[in-house]
Amino acid sequence: MKTKRLLFTILFMGIVLVFANSCKKSDSESVTISDENFYKELGITLINCYSDIYNQNLAGKPTGNQNITTNGPMGGTVVITGSDSYDNTHGITTTDLVFAMTAVKYTYTYTDSNDKTWVTEVTLTGSTTHTGSFSSSYTSINHQSSNLYIKGSVTYDGVVRTIDGSGIVSINRSTKTAVNIFGNTVSW
């Protein structure tokens with residue numbers, strides 16, 4: 001009788017362990033943030049940060065030579081130098097600006113088609129260009145930095161991937177967007 005109970009207990013525990021392990025996500029099924037998604041989210045966040053800097057400080061204001069020291073959209077300091085112009089005939093704004101940023105903070109959040117939230121938070125230090133032209137129906141803007149320091153994170157579905165480094169950052173925006181952050185290139 002003891003042997004039957006012992007055998008039954010061992011068999012029962014074995015079945016429980018099989019079911020318990022089969023319901024658990026394997027390491028290969030765990031959620032990760034791919035390089036493509038990580039650098040795309042960082043690129044989108046940088047573009048939104050630069051657009052907010054421009055819109056909050058230059059949009060709708062007199063064009064010409066600029067030399068503005070201001071707060072970043074969510075903290076930090078930005079010195080904007082260079083020039084911008086507006087063509088009334090064609091409705092095109094042209095910029096040749098440099099944003100010298102010190103500890104500029106920015107957060108970008110959105111919910112994707114899977115109803116999952118992406119949150120990207122960055123702190124930027126360094127200079128980047130804002131050159132090119134745009135209108136209500138046209139964009140050809142470039143952002144170039146030879147040594148931008150980016151510290152931050154991308155969070156998705158409870159997974160956090162961080163960045164803490166500096167290097168070359170290049171963003172070209174037109175009908176397509178191409179982003180190169182520290183040698184990692186994505187486009188959409």
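The string of couplings for the stretch 171-188 from the Karplus curve (6.51, -1.76, 1.60, θ = phi - 60°) is 10, 10, 10, 8, 5, 10, 10, 10, 10, 10, 10, 6, x, 9, 10, 9, 8, 8 Hz, one whole number per residue in order, with x for Gly and Pro.
Using θ = phi - 60° in the Karplus curve 6.51 cos²θ - 1.76 cosθ + 1.60, the 3J(HN,Hα) couplings for the stretch 56-71 round to 6, 10, 10, 4, x, 10, x, 8, x, 6, 10, 8, 10, 10, 8, 7 Hz; x is entered for Gly and Pro. Computed from backbone phi with θ = phi - 60° and the Karplus coefficients 6.51, -1.76 and 1.60, the 3J(HN,Hα) list for the stretch 115-121 is 6, 9, 9, 9, 10, 10, 10 Hz; x is used for glycine and proline. In this structure, the amide hydrogen of Ser83, modeled 1.01 Å from its nitrogen in the peptide plane, lies closer than 5 angstrom to those of Gln66, Asp96, Leu97, counting only residues at least 5 positions away or on a different chain. For Met74, the amide hydrogen comes within under 5 Å of the amide hydrogens of Lys105, counting only partners 5 or more places away or on other chains and with H modelled in the peptide plane.
Each part reduced to its alpha carbon centroid, the stretch 33-79 and the stretch 160-175 end up 13 Å apart.
Read-outs throughout are calculated quantities, based only on the coordinates presented, and are distinct from any laboratory measurement. Everything numeric in this text was worked out from a predicted model, so none of it was measured.
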